[in-house]
Amino acid sequence: MIPDPYLWIPITLFAALAQTIRNAAQRQLTSSLGTLGATWVRFLYGLPFALAWLAVVLVVTGAALPTPDLRFLLCVSAGALAQVLATALLLRVMAASNFALGVAYSKTEAMQVAVFGLLFLGDPITSWMVVAIMIGTVGVLLISPSDPERPFAALVTNWTQPIALLGLASGALFGLAAVGYRASALALGDTPFVLAAAFGLVIAQSLQTVVMGAWMLYQQPEAIRPVFRAWRGSLLAGGMGAAASAGWFTAMAIESVARVRTLALAELLFAGLISLRYFDERLTPRELLGIALLGTGLIAVTLG
């Protein structure tokens with residue numbers, strides 16, 4: 001099954017929208033479940049949806065479950081564990097007093113993933129893509145800077161701070177997770193791309209559910225029961241999380257991680273619209289400039 005070369009674009013935009021809705025749902029759960037519990041929800045309650053999606057794909061394609069080899073298992077496991085570690089580092093960053101600095105550095109993921117994709121998968125990087133990624137990243141940093149008064153100077157002068165290094169590490173691990181997921185889809189060879197993506201998603205989410213559940217049992221055992229009691233509100237977060245992940249897996253089975261993860265920054269545009277519509281938050285001139293640059297970068301990486 002050879003996908004349409006442009007199919008990755010609507011799939012990525014759908015995934016970005018689904019992730020925005022998931023983030024909004026998790027935002028509502030954080031107050032009652034805590035950050036760790038609300039994070040576990042995305043895996044625990046997303047797994048049934050991922051299994052359902054795999055079942056639908058098997059019925060529609062009429063294909064059999066792929067037989068995973070060692071390369072597939074290593075790649076998908078590396079991606080899943082890298083994503084969990086990246087999330088843990090991001091949580092550590094958010095718990096710090098200067099979390100905005102660390103979060104800003106974590107958003108260099110699009111630039112890092114382009115390098116990782118070239119090194120580990122041989123995904124090409126054109127000069128057009130480099131310019132598009134840089135424009136989009138600058139837009140992101142303007143939208144959510146570590147220092148609103150000195151958005152770029154703060155990044156240049158503070159990059160050696162421990163919290164900044166944690167943010168860089170988080171972005172790097174998110175980038176490595178994306179590379180691992182694309183590599184796992186490629187490892188399945190002639191398997192239809194949508195089946196390769198759905199199968200990889202189920203394996204990854206199963207592993208993440210177990211790993212994060214074990215961590216919660218060790219770190220915050222008292223937080224496990226509230227997660228199960230809040231199943232009604234958690235279904236939306238889990239379902240949207242699984243939908244977003246299905247989109248990422250499918251898009252990265254078609255296109256390079258650099259282009260997919262750069263276009264995925266459209267999530268910030270969707271988040272801005274939700275903030276304006278539901279949280280009555282107003283945008284500053286700096287944020288408007290950031291959105292304009294981000295939009296330019298997204299259009300450039302799509303057309304490129």
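The values are calculated or read from the model by the stated rules, or taken from the named source; none is laboratory data. Computed from a predicted model, the values in this text were never measured in an experiment. Heads up, the Cβs are rebuilt from the backbone with ideal geometry, glycines too, and the neighbour counts pull from every protein chain shown.
Table: residues versus (1) in contact with an Asp or Glu (Cβ under 7 Å, 6 or more places away or on another chain); (2) closer than 15 Å to Phe14 by Cβ; (3) at pLDDT 80 or above; (4) β-branched (Val, Ile, Thr).
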| position | (1), (2), (3), (4) |
| --- | --- |
| Gly239 | no, yes, yes, no |
| Trp248 | no, yes, yes, no |
| Leu268 | no, no, no, no |
| Thr284 | no, no, no, yes |
| Leu293 | no, no, yes, no |
Helices (runs of 4 or more DSSP H) (entirely within segment 152-253) containing at least 2 residues that are among the polar types (S, T, N, Q) and surrounded by 19 or more Cβ atoms within 10 Å (Cβ to Cβ): 162-187, 193-219
One residue from Gly175, Gly171 being within 15 Å of the chain's Cα centre (by Cα), modelled with pLDDT under 95 and under 13 Å from Ala78 (Cβ atoms): Gly175
Looking at Val179, Val210, which one is out of contact with any helix residue (DSSP H, G or I) (no Cβ under 8 Å at 6 or more places or on another chain), within 17 Å of Ala86 (Cα to Cα) and of a type in the set (A, V, I, L, M, F, W, C)? Val210
Select, from Leu89, Leu58, Leu54, the only residue that is part of a helix (DSSP H, G or I) and at pLDDT below 90. Leu89
Can you go through Pro10, Pro68, Pro48 and tell me which one is of a type outside the set (Val, Ile, Thr) and either outside any helix (DSSP H, G or I) or crowded, with 20+ Cβ neighbours inside 10 Å (or both)? Pro68
